[in-house]
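The values are calculated or read from the model by the stated rules, or taken from the named source; none is laboratory data. Nothing here was measured: the structure is a model prediction, and the numbers come from that model. Every residue, glycine as well, gets a Cβ built from its backbone with ideal geometry; the counts of neighbours run over all protein chains shown.
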Amino acid sequence: MSTTQDLYPSRNGQPARLMERLDPVIYSRPDAPMPVARSLIESYEKNGFVILEDVFTPAEVAVLQQESQRLRDSRELAGLEQTITEPDSSEIRSIFKVQSISELYRRLAGDQRLVNLARYILGDEVYLHQTRLNYKPGFRGREFYWHSDFETWHVEDGMPRMRALSISITLTENNEHNGALMLVPGSHRHYVVCPGETPENHYQQSLKKQELGVPPDDALRTLVEQGGIVPAYGRPGSVIVFDCNTMHGSNSNISPWPRSNLFFVYNAMSNQVVEPFCGLAPRPEFIAARQQIAPLTAIATDFSQWAPQAPQFQGSQQLQEKNPNEHPDSAHRRKDRRHQHEPVSPSA
Ligand SMILES: O=C(O)CCC(=O)C(=O)O
C-alpha cells in the first residue's frame with residue numbers, strides 16, 4: 001500500500017459519488033510560450049480535450065499505417081503478453097508498449113508536435129506512462145466502456161495526481177460508423193469515486209472488457225447532462241489530446257471499416273507512480289512504466305521519409321534495455337531543448 005496520501009480514493013468500499021478535481025488542468029504559467037493557439041489551450045482547459053486535425057500529413061499517415069499493419073500481421077507479436085485479444089475472438093484488440101517493438105512508434109512518441117504540447121499542458125518534463133495501439137477491427141471490434149483513465153492509473157498504478165494526458169493519433173478515419181472515441185466535455189473537473197473492490201490481476205480482464213473502475217449510471221448521467229458527448233470524428237493523421245480524468249469511451253465497430261488509433265500517455269516527471277493505492281501488486285511494466293523513467297526529448301521528424309525497418313520483435317528486449325524514451329541520437333540535444341516549447345502545427 002502506498003504511503004503517499006490518497007487524494008482520490010476509489011473502489012475502497014466508499015459509496016460511489018462525484019468529487020471535485022483537486023489539481024490544475026493547465027500547469028504552465030499563462031505567460032509561458034504556447035505550442036499551439038491560445039484558443040486551443042483554452043478549449044482544452046474548459047472541455048478536458050482538444051482535437052487537432054491534419055497534424056500528420058497523408059504521406060506520414062501512410063507510413064504509420066504500414067507499421068500498424070506490419071505489427072498486426074506478425075506471428076511473433078501474437079504470442080507476446082502485451083498483445084491483447086478481443087473478449088470473444090482471437091482478433092487483436094490492443095498492443096501495449098508499442099515503443100518496445102517498433103522503432104518508428106518509439107520515434108513518434110518523441111515527436112516534437114506531441115511532446116511540446118504535453119510539456120506545456122503538464123508544465124513539466126514528461127515521460128511515457130503507457131502506450132497502446134487499439135485496432136478496433138471492422139465487424140467485431142468491441143467497445144471501450146466509459147471510464148476516466150486516471151481512476152485506474154491512480155488505483156491500480158499509483159499515479160498520485162491528475163498531471164498526465166493522452167494523445168491519440170488516428171491511423172484510420174474515425175467516423176459515426178466505426179466506433180470513434182467519444183468524450184464528455186467538462187467531465188475532467190469531477191472525479192467519479194467508483195464502487196467495488198479491485199481483484200488481483202484485474203488487468204487480465206479489464207483490458208478486454210472493463211467492468212470495474214467505470215462510472216455508475218447516475219454519475220455518468222450527471223456528467224453527460226452537464227457537458228453532453230462529443231464524438232472525435234476526423235481524418236487519419238488527426239490528434240486527440242485529452243486530460244487523464246476526462247470521461248471517454250467508444251462503441252463497438254460493426255462497420256466493415258477498422259478504426260485504429262495509437263495512444264501515447266504522457267505523465268509529468270514530478271508525478272511518477274508510487275505503490276498502487278489499491279494495495280495490490282503493481283500492474284506489469286508493459287501497462288504502466290516504473291523502471292528506467294527518463295524525460296523525453298522532443299525531436300522533429302518527417303515520418304514520410306522514414307525508411308522501413310526490419311522486424312524488431314527479437315529486438316524488443318534491446319529496445320527495452322536502452323532508455324526506452326530516448327532516441328540514440330537525441331541525448332546531445334536534451335540540454336539545449338529541455339525547456340523550449342517549439343511551435344507545433346496546426347497553429348490555427
Ligand atoms: O480506443 C478507444 O476507443 C478507447 C480507448 C480507451 O479508452 C482505452 O484504451 O482506455
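Please go through region 194-208 and pick out each residue that is surrounded by fewer than 20 Cβ atoms within 10 Å (Cβ to Cβ), more than 17 Å from the chain's Cα centre (by Cα), in contact (Cβ under 8 Å) with a residue 40 or more places away in the chain and not in a strand (DSSP E or B).
Matches in region 194-208: Pro195, Gly196, Glu200.
Can you say whether Arg132 is under 30 Å from Gly196 (Cα atoms), more than 13 Å from the ligand (Cβ to nearest atom), at pLDDT 95 or above and not in a helix (DSSP H, G or I), as far as the supplied structure shows?
Spelling it out, it is not the case that Arg132 is under 30 Å from Gly196 (Cα atoms), more than 13 Å from the ligand (Cβ to nearest atom), at pLDDT 95 or above and not in a helix (DSSP H, G or I).
Kindly provide the set of residues from region 219-251 that are of a type in the set (D, E, K, R) and without any contact (Cβ under 8 Å) to a residue 60 or more places away in the chain, ordered by number. First the steps, then the outcome.
Going through region 219-251, the residues of a type in the set (D, E, K, R) turn out to be 221, 225, 235, 243.
Listed by number, the residues that qualify are Arg221, Glu225.
Cβ-Cβ under 7 Å, sequence separation 6+ or interchain: first residue in region 177-193 and more than 13 Å from Glu45 (Cα to Cα) and part of a strand (DSSP E or B), partner within 12 Å of the ligand (Cβ to nearest atom) and aliphatic (A, V, I, L, M). Which pairs?
Matching pairs, first to second residue: Leu181/Ala232; Leu181/Ile240; Leu183/Ala232.
Considering only residues that are away from the ligand (no atom under 12 Å from the Cβ), under 19 Å from Ile84 (Cα atoms) and touching a Lys or Arg at 6+ places or on another chain (Cβ under 9 Å), which ones fall in region 156-205?
If the condition is that a residue be away from the ligand (no atom under 12 Å from the Cβ), under 19 Å from Ile84 (Cα atoms) and touching a Lys or Arg at 6+ places or on another chain (Cβ under 9 Å), then Glu156, Asp157, Asn201, His202 are the ones that fit.
Is it the case that region 255-262 has a residue that's closer than 27 Å to Glu125 by Cα and buried (at least 16 other Cβ atoms within 10 Å of the Cβ)?
Yes.
Which number in (1) touching a Ser or Thr at 6+ places or on another chain (Cβ under 6 Å); (2) more than 13 Å from the ligand (Cβ to nearest atom); (3) over 24 Å from Gln99 (Cα atoms) marks the one condition that Thr246 misses?
Failing condition for Thr246: (2).
Can you find a residue that is farther than 27 Å from Trp306 by Cα and free of Cβ contacts under 8 Å to residues at least 12 places away in the same chain anywhere in region 43-66? Before the answer, list the steps.
Filtering region 43-66 down to residues farther than 27 Å from Trp306 by Cα leaves 43-50.
From what's left, free of Cβ contacts under 8 Å to residues at least 12 places away in the same chain: 43.
Within region 43-66, one or more residues are farther than 27 Å from Trp306 by Cα and free of Cβ contacts under 8 Å to residues at least 12 places away in the same chain.
For Ala298, indicate whether it is at pLDDT 90 or above and within 30 Å of Asn12 (Cβ to Cβ).
No: the conditions fail for Ala298.
Which number in (1) more than 13 Å from the ligand (Cβ to nearest atom); (2) touching a residue at least 60 places away in the same chain (Cβ under 8 Å); (3) over 18 Å from Leu181 (Cβ atoms); (4) of a type outside the set (Asp, Glu) marks the one condition that Leu117 misses?
(3)
Would you confirm whether any residue within region 327-345 is in contact with a Leu (Cβ under 8 Å, 6 or more places away or on another chain), at pLDDT below 95 and over 30 Å from Cys194 (Cβ atoms)?
So far as region 327-345 goes, yes, one or more of its residues are in contact with a Leu (Cβ under 8 Å, 6 or more places away or on another chain), at pLDDT below 95 and over 30 Å from Cys194 (Cβ atoms).
Just one of the numbered conditions (1) assigned to a helix (DSSP H, G or I); (2) under 22 Å from Glu20 (Cα atoms); (3) under 16 Å from the mean Cα position of the chain (by Cα) is not true of Val155; which one?
If we test Val155 against (1) assigned to a helix (DSSP H, G or I); (2) under 22 Å from Glu20 (Cα atoms); (3) under 16 Å from the mean Cα position of the chain (by Cα), just (3) comes out false.
Looking at (1) buried (at least 23 other Cβ atoms within 10 Å of the Cβ); (2) away from the ligand (no atom under 16 Å from the Cβ), which one does Gly141 not meet, given that it meets all the others?
It fails just one condition, (2).
Sort out which residues of region 209-232 are touching an Asp or Glu at 6+ places or on another chain (Cβ under 9 Å) and crowded, with 18+ Cβ neighbours inside 10 Å, and write them in order of number. Lay out the reasoning, then the answer.
Kept after step one, since they are touching an Asp or Glu at 6+ places or on another chain (Cβ under 9 Å), are these residues of region 209-232: 209, 212-215, 231.
Leu212, Gly213, Val214, Pro215, listed by residue number.
Considering only region 198-230, state which residues are on the phi > 0 side of the Ramachandran plot and out of contact with any Cys (no Cβ under 9 Å at 6 or more places or on another chain).
Asn201, Gly228
Take Leu108 and tell me if it is under 15 Å from the mean Cα position of the chain (by Cα), part of a helix (DSSP H, G or I), away from the ligand (no atom under 12 Å from the Cβ) and in contact (Cβ under 8 Å) with a residue 40 or more places away in the chain.
yes
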